[in-house]
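Notes follow the structure.
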Amino acid sequence: MIRPLLTRLQSGPLWWGQCLLCRQDCQDTALLCRHCRTELPVLEHPCPGCAFPLPLDDAHCGRCQKRPPPWQRMRVLAPFEAPFSRLVHDLKYHGRLLNGRLLGRLLAEQLAPPWPEAVLPVPLYWWRRLRRGYNQADEIARELGRELNIQVDHHLLRRVRATPSQTHLSKMERRRNLRGAFTAVSCPYRHVALLDDVITTGATMAELTRLLHAQGVERVEVWAVCRTLEH
């Protein structure tokens, strides 16, 4: 789908050389100045199952030990707080497409091999994508794929049913809301990474992971820019 010209014009600064956060001068292709980069929050010792921060590194939280998630690993860049919350919001609702490039690059810096065969952005329903002009997960995935030299598959997953906003739904309500909302074509991969902007309850990723496992995928990782800190 061709993104509208208006979206491109709203994609942030129309010139290179300005930090996307403080608007001060920075290296032409850096997108962030050195000061803003050093101030970025990070997730300390995230649980490999749900990315919830823990006191120890690479230890599963009690909830994931008791009820392991359907995916094999979750990797998240940062908690959903400023400035990431602002970057994500402006990408998602105000067409700041340069934010997607920045977020994809920052996420790529935090990931480590072994790499999946393909990255699968979480799809939008067709009318929502048409109205917005783009899918924010696609924007993040494009830069991530370039940085890591991994294929990005924008077509394997489809959202076939529109669902109400999940913002104010409980975890159980989100799960019911998403049932039957996605489909997948025949999958040629054995190891993939699902990519989204923000993880809240993980209901969307759980639904997609079960769908991919049913297609024969052996290992599913969940990658996201942020996660909310409500367990």
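The numbers here are math on the coordinates, done by the rules we state, and not lab data. None of these values were measured; they are calculated from a predicted model. So basically every Cβ, Gly included, is an ideal-geometry build from the backbone, and we count neighbours across all protein chains shown.
Look at Ile199, Ile150, Ile140 and count the other Cβ atoms within 10 Å of each Cβ; fewest to most, that gives Ile150, Ile199, Ile140.
Here is the result for segment 39-86: no trypsin sites (Lys or Arg not before Pro) lie in DSSP coil with at most 10 other C-beta atoms within 10 angstrom of their C-beta.
Give the shape of segment 42-227 as rounded, prolate or oblate, defined through the alpha-carbon gyration tensor: a ≥ b ≥ c are the square roots of its eigenvalues, a/c under 1.5 means rounded, and otherwise the shape is prolate if a/b is larger than b/c and oblate if not. Cα axes put segment 42-227 in the rounded bin. May I ask for the distance between the Cα centers of segment 189-216 and segment 85-127, given as a whole number of Å? Computed from Cα coordinates, the inter-centre distance equals 15 Å. Taking other C-beta atoms within 10 Å as the exposure proxy, Arg96, Arg129, Arg37 rank Arg37, Arg129, Arg96 from fewest upward. Taking θ as phi - 60° and the Karplus parameters 6.51, -1.76 and 1.60, the scalar couplings of segment 104-114 work out to x, 5, 5, 5, 4, 5, 8, 8, 9, x, x Hz in sequence order, x denoting glycine and proline.
Compute the relative contact order of segment 42-227 as a whole-number percentage, counting only Cα pairs closer than 8 Å that sit 6 or more residues apart in sequence. Result for segment 42-227 is 25 percent.
Please work out how much length the chain gains when fully extended from Ala112 to Asp57, using 0.36 nm per residue of separation minus the C-alpha to C-alpha distance, in nm with one decimal.
Gain on extension, Ala112 to Asp57, equals 18.3 nm.
Under the combined filter of DSSP loop state and at most 15 neighbouring Cβ atoms within 10 Å, segment 178-231 retains these GluC sites (Glu not before Pro): Glu218, Glu230.
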